[in-house]
Amino acid sequence: MKALLISGIIFGLSAGLSPGPMLTLVITQTLQHGIREGIKVAFAPLLTDVPIIIVCLGVLSAFAEMNLILGVLALIGGVYLFYLGIGSFRFSGEDLEVAAVNPQSLKKGVMINFLNPSPYMFWTSIGGPLVLKAPGSPLISGMVFILPFYILLVGSKIVVAVVSGKSKNLLRSNHYRWIIRILGLVLIGFGILFWRDGIRYLM
């Protein structure tokens, strides 16, 4: 359970701080309409991800005894983690350029998250398998992983909204860039572990 808790913290922080459509929207809405609008976007995953998680876990549970399926998913998850990790490691601050947008921040955040393939990919190939293969009750394992994951995901985006509302320059500072790069290396490390598990399932 401890490993699951740590995984939830790391993945949540990585998802919250890594460049992507949601982070860009948080910053865009904050710069254009104020910190409150950026925080609204940060809360969007709490509205969109519940049905995504239920569907993904349901699909995975149906194939829980099939090592081939689990092995393929683990390998896909490893590739996806490498993709995220390399993107974060190469982050230089240029990703944060914004364009003029209108309000309705929460609505836009919900729409972007539903249309973004990343949550589906994450819960099918990474989060779902982690929860289902953990020892003990799937419900308890799910809470141990999901609660810290979303606390860090939403919380880190709120922090970014506040920081971007106070100073644009801090988001392009060396400290922020290095945090993103270190998290990228952590994601690559998790990708290697997923590949190891995938190969074990297939052998």
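In table form, for the structure just shown:
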| item | result |
| --- | --- |
| Restricting segment 163-203 to residues that are surrounded by 15 or more Cβ atoms within 10 Å (Cβ to Cβ) and of a type in the set (V, I, T), the residue that is modelled with the highest pLDDT | V163 |
| Condition met for V131 (over 20 Å from L81 (Cβ atoms) and either in a helix (DSSP H, G or I) or within 11 Å of the chain's Cα centre (by Cα) (or both)) | no |
| Some residue of segment 46-64 being surrounded by fewer than 19 Cβ atoms within 10 Å (Cβ to Cβ), in contact with a Ser or Thr (Cβ under 6 Å, 6 or more places away or on another chain) and either modelled with pLDDT of 90 or more or not hydroxyl-bearing (S, T, Y) (or both) | no |
| Positions within segment 178-191 being in contact with a helix residue (DSSP H, G or I) (Cβ under 7 Å, 6 or more places away or on another chain) and not small (G, A, S), in sequence order | I179, I180, R181, L183, L185, V186, L187, I188, F190 |
| Count of residues meeting criterion [crowded, with 18+ Cβ neighbours inside 10 Å and more than 12 Å from the chain's Cα centre (by Cα)] in segment 14-34 | 7 |
| When residues of segment 90-120 are limited to those that are modelled with pLDDT under 60 and in a helix (DSSP H, G or I), the one farthest from I52 (Cα to Cα) | E94 |
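The values are calculated or read from the model by the stated rules, or taken from the named source; none is laboratory data. Keep in mind that what you see is a predicted model, and the values were worked out from it rather than measured. Cβ sites come from the backbone with ideal geometry, for glycine too, and all protein chains shown count toward neighbours.
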